[in-house]
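Asker: What follows is a single structure, and I will ask about it in a moment.
Derivation of every value follows stated rules applied to the coordinates shown; laboratory data play no part. Since this is a predicted model, take the numbers as computed values, not measurements. All Cβ positions, even for glycine, are placed from backbone atoms using ideal geometry, and neighbour counts span all protein chains on display.
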Amino acid sequence: MSSNGVVVDEAVRAAWDAYRVLEKRTSAEERQQAQQRVKAAVDSFGREEVSRGTVFLVGVLTGYLIAEPPGGGDQLDPLSDLIPAVIRRLPSFELADPEQVPMATGVLMAAAMGMDTVAWRDGFGKIPPKEAMVHGFVLWLLADLFDSLVEKPGAIDQLMRETFETMGAEER
C-alpha cells in the first residue's frame, strides 16, 4: 500500500476497468480485456491497492461533478443533490452491503470537502472486500450521473480512457 493518498497508476486504471466491467455498454471483447487488466493489477499490487484506486476515482468524479457540472447546468450541491442521489441508488445493487454505506458516504463527503479521499479513507485501515464493492458501485453511479448530465451515454468512459492514454497508462 502506498502512503499519503498516493495510488499506483495501474491500480487506478484497474479501478476504472472494474467500472467498465459493470457498464452494460462495454463490448464483450473490451469487458474481457478490462477483466484481464483488473486481474493483472490485483496480482501485481493487491486487491487493496485497486480498492484505493476506486476511492481515488470516486474523489475525482465527485470533485469534478461539484466544481464543473457537465453539460453546463447548475452547480450540484454536494449535500442536497449529489451525495443523497448516489446513496439513495445504492440499494439498487443487490450486492451492496448496507453496512458499508456509511464509509462510502464518508468518502463522498471527504471529496465534497476537497479532501484527499484516499488519505482520508486510509485513516480507517484496510478496505474490506464488501466495502470495496460498494465503492465500485458508487463510482458507477457517479459515472452514470455524469453521462446523464451531458445527455451522452459513455461520455465519462471516453474522457477517462483519453486521460489514461495521455498519462501513458493505456494497456497496449
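Asker: Cα atoms only: what Rg and Dmax, in Å, come out for region 1-84?
Answerer: For region 1-84, the Cα radius of gyration and maximum Cα-Cα distance read 14.9, 42 Å.
Asker: Pull out the extension gain between Asp77 and Leu159, defined as 0.36 nm times the separation in residues minus the alpha carbon to alpha carbon distance; nm, one decimal.
Answerer: 27.2 nm
Asker: In a Gaussian network model over the chain where Cα atoms closer than 10 Å are linked, find which of Thr117, Thr54, Thr26 has the largest mean-square fluctuation.
Answerer: Sorting by GNM fluctuation, first place goes to Thr26.
Asker: Counting only complete DSSP H runs, which helices of the chain cover 24 Å or more along their long axis at the Cα atoms and score a mean Kyte-Doolittle of -0.5 or above?
Answerer: Answer set is 47-67, 129-150.
Asker: While we're here: Taking 0.36 nm per residue of separation and subtracting the Cα-Cα distance, what length does fully extending Gln33 through Tyr64 add?
Answerer: 8.4 nm
Asker: What ranking do 103-113, 32-42, 130-140, 156-166 get when scored by the average of other Cβ atoms within 10 Å per residue, highest first?
Answerer: Ranking the peptides 103-113, 32-42, 130-140, 156-166 by packing returns 130-140, 103-113, 32-42, 156-166.
Asker: Mind checking which lysines have their Cα closer than 23 Å to the Cα of Lys24? Skip sequence neighbours fewer than 8 apart in that chain.
Answerer: Lys39, Lys130, Lys152
Asker: If you don't mind, there's one more thing I want to ask. When the Cα centres of region 102-172 and region 1-61 are compared, how far apart do they sit, in Å?
Answerer: After rounding, the separation between the Cα centres reads 10 Å.
Asker: About the Cα centre, and with charges only on the beta carbon of Lys, Arg (+1) and Asp, Glu (-1), how big is the dipole of the chain? Nearest 20 debye, please.
Answerer: Dipole size: approximately 340 debye.
Asker: If you take Rg/Rh (Cα atoms, Kirkwood Rh) from the coordinates, which of (1) 1.24; (2) 0.93; (3) 1.16 do you get?
Answerer: Read-out taken from this structure: (2).
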